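First the structure, in the form of structure tokens, and then the observations on it.
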Amino acid sequence: MADAPNILFAGGGTGGHVYPAIAIADAIRRHMPAASIAFAGTRDRMEWEAVPKAGYDIYPITVSGLHRNQPLRNVSLPYKLARSLVESRTLVRKLDPDVAVGTGGYVSGPVLFAASLAGTPLVLQEQNAYAGLTNRLLGRRATRIHVAFLEAKKYLPADRCVLSGNPTRMELLACDAAEGRAHYGVPPDAFVLAVLGGSLGSRAINEAVAHGIETVLRDESTHVLWQSGRQYFEALRARVPEHPRLRLLEYIDHMDLTYAAADLAVCRAGAITCSELMVTGTPSILVPSPNVAEDHQTYNARSMAGAGAAVMISEDDMKDRLLATVSELRNAPARLAEMSRAARQIARPEAADTIARDVLQVAGFDEEVPSDDGPASTD
């Protein structure tokens with residue numbers, strides 16, 4: 001056996017697949033600096049920049065997703081699939097990994113399938129409450145499947161599932177409310193509403209908030225941190241009057257400080273966002289995007305709401321319910337405190353280390369168990 005493991009990661013397309021993979025890889029490096037780590041990805045998606053920036057090599061695989069709403073675009077799919085399988089087989093032979101780790105996205109399908117055919121053990125990480133298509137297909141070939149929401153085990157081989165959570169950035173835990181509010185110039189006793197639409201922004205959330213922002217700011221103790229997203233910023237800046245208790249931001253670089261400052265967040269229900277809300281104990285109003293594959297954000301939001309950590313509002317109901325819900329929670333500090341406690345209770349801040357230890361164990365280089373909880377319950 002070699003002195004250190006050779007590990008191949010495959011996952012990409014969105015930050016929800018790429019950043020968990022990088023977080024796990026970083027944790028492996030902390031446990032075993034000599035580990036050889038490489039990624040497979042596609043040239044035209046975000047992993048092609050994010051992975052090298054994180055310090056890891058990445059190899060190209062030609063792959064295309066299934067276009068559910070535009071079937072004519074699927075004509076070339078069989079050719080691309082065949083090509084991706086050939087490229088994946090060649091890559092697996094070249095790297096000869098001790099373990100292959102998949103974090104979802106279409107690229108992980110052919111790469112992990114080729115690795116499995118070559119006898120390489122697989123470890124999967126599923127970020128959402130509703131397991132993605134690729135992980136569902138690969139599940140029975142996997143040695144271990146790490147899930148972030150217990151509900152995901154319903155779609156995967158439950159006896160191979162471990163409830164580990166989603167890897168999140170370590171800096172999220174490094175600051176407190178006083179530091180966050182000082183960063184934004186917000187008084188310590190203010191009520192802070194954070195509106196977070198992601199780096200690209202959410203048109204629906206922006207419209208609902210723009211419609212009601214004057215009402216929200218009538219409460220003189222309320223401050224609003226509003227991330228509009230790059231494509232909506234200029235239009236909103238021209239449309240929404242300036243206000244001393246409103247910070248309209250194109251993009252937020254310091255999410256750790258934002259979560260620390262916030263009493264309540266309004267945001268989408270992507271897997272990583274939900275995990276960050278859990279880890280930071282931030283009460284939230286979740287508006288699932290209806291435009292994501294298999295409606296997985298609704299499953300995430302239902303899980304958070306079911307645990308008492310969030311309130312879920314559908315996009316169709318947002319204009320009618322959002323302001324009333326913000327006002328209701330603003331005037332119920334005991335409920336906000338309970339939501340914060342509930343979020344922290346379901347958080348898994350150690351997720352990256354848990355999964356990293358298990359990857360090393362599956363590769364034959366570590367004897368630690370995958371988590372203190374053992375396999376996810378099958379109740």
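Restricting GLU179, GLU234 to those that are surrounded by fewer than 17 Cβ atoms within 10 Å (Cβ to Cβ), assigned to a helix (DSSP H, G or I) and free of Cβ contacts under 8 Å to residues at least 12 places away in the same chain reduces the list to GLU234.
If you go through region 1-22 and pick out every residue that is surrounded by 24 or more Cβ atoms within 10 Å (Cβ to Cβ) and either outside any helix (DSSP H, G or I) or not β-branched (Val, Ile, Thr) (or both), you end up with 9. A single member of LEU193, LEU163 is under 17 Å from VAL279 (Cβ atoms) and in contact with a strand residue (DSSP E or B) (Cβ under 9 Å, 6 or more places away or on another chain), and it is LEU163.
Annotation note: Cβ proximity below 9 Å between a residue of region 308-323 that is farther than 20 Å from MET339 by Cα and not assigned by TED's automatic domain parsing to the domain that holds PRO290 and a residue that is surrounded by 14 or more Cβ atoms within 10 Å (Cβ to Cβ) and hydroxyl-bearing (Ser, Thr, Tyr) (sequence gap 6+ or interchain) occurs for no pair.
Taken together, the criteria place LEU172 among residues that are modelled with pLDDT under 95 and over 25 Å from GLU315 (Cβ atoms).
For GLN125, the criteria (1) assigned to a helix (DSSP H, G or I); (2) of a type in the set (S, T, N, Q); (3) in contact (Cβ under 8 Å) with a residue 40 or more places away in the chain hold in every case but one, which is (1). The set of residues from region 182-224 being polar (S, T, N, Q), surrounded by fewer than 20 Cβ atoms within 10 Å (Cβ to Cβ) and closer than 21 Å to ASP253 by Cα comprises just one member, SER199. Taken as a whole, the condition of being assigned by TED's automatic domain parsing to the domain that holds ASP253, more than 18 Å from ARG89 (Cα to Cα) and touching a Leu at 6+ places or on another chain (Cβ under 9 Å) does not apply to GLU126.
Just so you know, in region 111-122 the residues that are of a type outside the set (S, T, N, Q) and either modelled with pLDDT under 95 or part of a loop (DSSP other than H, G, I, E, B) (or both) include one that is surrounded by the most Cβ atoms within 10 Å (Cβ to Cβ), and it is PRO121. Kindly evaluate ASP159 against the criterion of being loosely packed, with under 14 Cβ neighbours inside 10 Å, out of contact with any Asp or Glu (no Cβ under 7 Å at 6 or more places or on another chain), in a loop (DSSP other than H, G, I, E, B) and in contact (Cβ under 8 Å) with a residue 12 or more places away in the chain. Against the criterion (loosely packed, with under 14 Cβ neighbours inside 10 Å, out of contact with any Asp or Glu (no Cβ under 7 Å at 6 or more places or on another chain), in a loop (DSSP other than H, G, I, E, B) and in contact (Cβ under 8 Å) with a residue 12 or more places away in the chain), ASP159 does not qualify. Once region 307-323 is narrowed to residues that are closer than 27 Å to GLN345 by Cα and of a type in the set (A, V, I, L, M, F, W, C), the residue that is surrounded by the fewest Cβ atoms within 10 Å (Cβ to Cβ) is ALA307. Scanning region 26-48 for residues that are assigned to a loop (DSSP other than H, G, I, E, B) and closer than 17 Å to THR62 by Cβ turns up THR42, ARG43, ASP44, ARG45, MET46. Scanning region 240-298 for residues that are surrounded by fewer than 17 Cβ atoms within 10 Å (Cβ to Cβ) and among the aromatic types (Phe, Trp, Tyr) returns a single hit, TYR251. Annotation note: Cβ proximity below 8 Å between a residue of region 332-350 that is more than 20 Å from ASN166 (Cβ to Cβ) and a residue that is among the hydrophobic types (A, V, I, L, M, F, W, C) (sequence gap 6+ or interchain) occurs for ARG335/LEU329; LEU336/LEU264; LEU336/LEU329.
Per the listing LEU200, LEU150, LEU163, the residue uniquely at pLDDT below 95 and assigned by TED's automatic domain parsing to the domain that holds GLY105 is LEU150.
Name the residue that is nearest to ARG181 (Cα to Cα), counting only residues in region 237-282 that are part of a helix (DSSP H, G or I) and more than 20 Å from the chain's Cα centre (by Cα). Applying the filter and picking the extreme gives ALA261.
The values are calculated or read from the model by the stated rules, or taken from the named source; none is laboratory data. As the structure is a computational prediction, the values presented were derived from the model and not from experiment. Glycine also receives a Cβ, built like all others from the backbone with ideal geometry; neighbour counts cover every protein chain displayed.
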